[in-house]
Amino acid sequence: MNTAKENILQRIKKALGNPVPLPFPLSEGNGVIYPAATQEPELLFAEAFTRLQGKFVYCQDEKEMQEKVQQLVAAKEWTKIYCEEPRWNNAFSNTIGLESCHASISACEYLVARTGTIVLSAAQQKGRTASVYAPVHVCIAYTGQLVYDLEDALQAIKEKYAGNIPSFITFASGPSRTADIEKTLVTGVHGPKEVYLFLVEGNG
């Protein structure tokens, strides 16, 4: 071993024997960043979701949810509804053309209460396609799918799919938005202009 290389290895060995303390020890994930929730997850999600320009609708049961979705479709005069979810297909879907529909209806994996985020994955019908291609995304979820934070959603997906995690997981927080042009916020550029979340009481 040449002298230069030996000197470098000696310096590394010495440095490892006297490690420099971390300047920000709490940044290593050992501490709690956000405080625990102080209100019901339904309320927490609704507040965060509407702040992000999402449209939130609470439903006591499946019957009320279907009635309210149909009322929304009639009020908006949507004639092309895309839905590939087997449990809602007969009730809502009337087109197979996602690229030309007025709105798409989908389920989700979980809802993150703290951030008002809808969690989608490739394991669902059409993956995240139905939530991105249509000009309006209508998501139907259940109170049993609510978790507090992002790490809780990831842990729940890990447990749900046990060794076969979906190829991608998407976190959608309200309508798509960008401020690339002159720092002016514009919605609906890279995805839906409107996002509706119908939250149904129960586990689905």
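The values are calculated or read from the model by the stated rules, or taken from the named source; none is laboratory data. Given the structure is predicted, the values throughout are model-derived calculations rather than measurements. When we count neighbours, we look across all protein chains shown, and the Cβ atoms used for this are built from the backbone with ideal geometry, even at glycine.
Just checking, how many residues over segment 141-153 are within 26 Å of TRP88 (Cα to Cα) and surrounded by 15 or more Cβ atoms within 10 Å (Cβ to Cβ)?
7
Which of the residues belonging to segment 177-204 are closer than 14 Å to GLY54 by Cα and modelled with pLDDT of 65 or more?
Looking only at segment 177-204, we keep the residues that are closer than 14 Å to GLY54 by Cα, and these are 177, 187-188, 191-199.
Of everything in segment 177-204, those that are closer than 14 Å to GLY54 by Cα and modelled with pLDDT of 65 or more turn out to be GLY191, PRO192, LYS193, GLU194, VAL195, TYR196, LEU197, PHE198, LEU199.
Tell me which helices (runs of 4 or more DSSP H) are completely within segment 32-111 and hold 3 or more residues being surrounded by 16 or more Cβ atoms within 10 Å (Cβ to Cβ) and touching a helix residue (DSSP H, G or I) at 6+ places or on another chain (Cβ under 8 Å), or say none if there are none.
Where helices (runs of 4 or more DSSP H) fall fully within segment 32-111 and carry at least 3 residues being surrounded by 16 or more Cβ atoms within 10 Å (Cβ to Cβ) and touching a helix residue (DSSP H, G or I) at 6+ places or on another chain (Cβ under 8 Å), they are 62-76.
Kindly check whether there is at least one residue in segment 98-105 that is in contact with a Gly (Cβ under 9 Å, 6 or more places away or on another chain) and within 15 Å of ALA172 (Cβ to Cβ). Before the answer, list the steps.
As a first pass, look at segment 98-105 and keep what is in contact with a Gly (Cβ under 9 Å, 6 or more places away or on another chain): none.
Looking for residues that are in contact with a Gly (Cβ under 9 Å, 6 or more places away or on another chain) and within 15 Å of ALA172 (Cβ to Cβ), one finds none in segment 98-105, hence no.
Consider segment 143-175. How many of its residues are touching a residue at least 24 places away in the same chain (Cβ under 8 Å) and either part of a loop (DSSP other than H, G, I, E, B) or under 14 Å from the mean Cα position of the chain (by Cα) (or both)?
The number of residues fulfilling the criteria is 20.
Inside segment 71-86, can you point out the residues that are in contact (Cβ under 8 Å) with a residue 12 or more places away in the chain and of a type outside the set (Val, Ile, Thr)?
Within segment 71-86, LEU72, LYS76, TRP78, LYS80, TYR82, CYS83, GLU84, GLU85, PRO86 qualify.
Inspect all residues belonging to segment 88-105 and state whether any of them is closer than 19 Å to GLN145 by Cα and touching a strand residue (DSSP E or B) at 6+ places or on another chain (Cβ under 7 Å).
Yes, the conditions are met somewhere in segment 88-105.
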